[in-house]
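Shown next, in structure tokens, is the structure this report addresses.
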Amino acid sequence: MGDLVYTALPRLLIGSLDATKVRDGVPRGRYGAWQRRIRPTVFGEPAFDIELVPTEVCPARPHIWAFTAWKRMHTAALDSGLDSGLLRIYSGYRSVAFQKEIFEYRLKERRTERRRRGLPELEDRVLRKLQQRWTALPGKSAHHTGFAVDLGLYELGIRQGRKTPEWAWLMQHAREFHFYPYLEEPWHWEFNPPGLVEHLKVLREALGGCAPYEHLLNPVFDL
Ligand SMILES: [Zn+2]
């Protein structure tokens with residue numbers, strides 16, 4: 001571990017790391033599930049490269065802590081006979097800069113599609129508003145933090161995704177691994193254990209000050 005090198009990431013979004021802004025989960029919706037949303041304004045983008053899983057290990061590059069917890073959860077789900085493909089990490093960390101690219105791309109796609117279908121041209125402002133229903137604005141996505149993951153369930157869409165035993169299992173067990181649902185999208189799960197803000201503060205202070213940090217890379221999150 002002593003040979004690890006890390007670089008500071010160019011961040012567009014610096015989080016407040018204010019623990020009082022982390023909301024406790026509350027049961028909501030017809031599923032009675034606990035949402036406990038990761039807010040990008042609190043956590044910001046990862047400060048250091050080493051916080052993210054290397055591409056060779058997981059191309060979606062989630063935060064190391066989210067990845068470690070996901071691996072445990074994935075193993076438990078497979079032991080219950082579930083489909084590993086539907087539970088793989090499809091998307092993880094997305095920088096604010098990348099989200100900007102995605103948003104502009106989707107906007108262009110929508111404009112082209114409207115033209116193809118002979119629909120009237122819309123003002124840029126209106127079109128952007130419309131697109132926000134489907135694509136998070138840069139700076140607003142939980143994926144900026146590295147703590148949100150989209151699982152393989154994404155490929156099934158909303159309705160089909162909710163009919164799978166994989167989703168039912170997650171709704172029942174994900175919390176044991178500190179993953180909370182975003183109820184609008186069955187594939188989107190957020191790692192948000194108690195004490196996450198405090199652990200991040202300690203890690204980033206150590207990394208910024210070049211203090212020993214190896215022991216901080218795998219903290220224990222208690223329920
Ligand atoms: Zn997502």
**Item:** Scan of segment 9-52 for residues that are among the aliphatic types (A, V, I, L, M), modelled with pLDDT under 90 and either over 28 Å from Trp167 (Cα atoms) or touching a Pro at 6+ places or on another chain (Cβ under 7 Å) (or both), ordered by number
**Value:** Ala33
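So which helices (runs of 4 or more DSSP H) stay within segment 113-192 end to end and still have 2 or more residues that are at pLDDT below 95 and either away from the ligand (no atom under 14 Å from the Cβ) or of a type in the set (D, E, K, R) (or both)? Please lay out each step first, then the result.
Values: elements: 124-131, 157-162, 165-173.
Ranges flagged: 124-131, 165-173.
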**Prompt:** Residues in segment 169-192 that are free of Cβ contacts under 8 Å to residues at least 40 places away in the same chain and either touching a Lys or Arg at 6+ places or on another chain (Cβ under 6 Å) or surrounded by fewer than 13 Cβ atoms within 10 Å (Cβ to Cβ) (or both): how many?
**Reply:** 3
**Message:** Based on this model, can you work out whether Phe98 counts as free of Cβ contacts under 8 Å to residues at least 12 places away in the same chain and within 16 Å of the ligand (Cβ to nearest atom)?
**Reply:** yes
**Message:** Among the residues of segment 130-144, are any over 14 Å from the mean Cα position of the chain (by Cα), among the charged types (D, E, K, R) and surrounded by 13 or more Cβ atoms within 10 Å (Cβ to Cβ)?
**Reply:** no
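The values are calculated or read from the model by the stated rules, or taken from the named source; none is laboratory data. Bear in mind the structure is a predicted one, so any value in this text is a computation, not a measurement. Cβ sites come from the backbone with ideal geometry, for glycine too, and all protein chains shown count toward neighbours.
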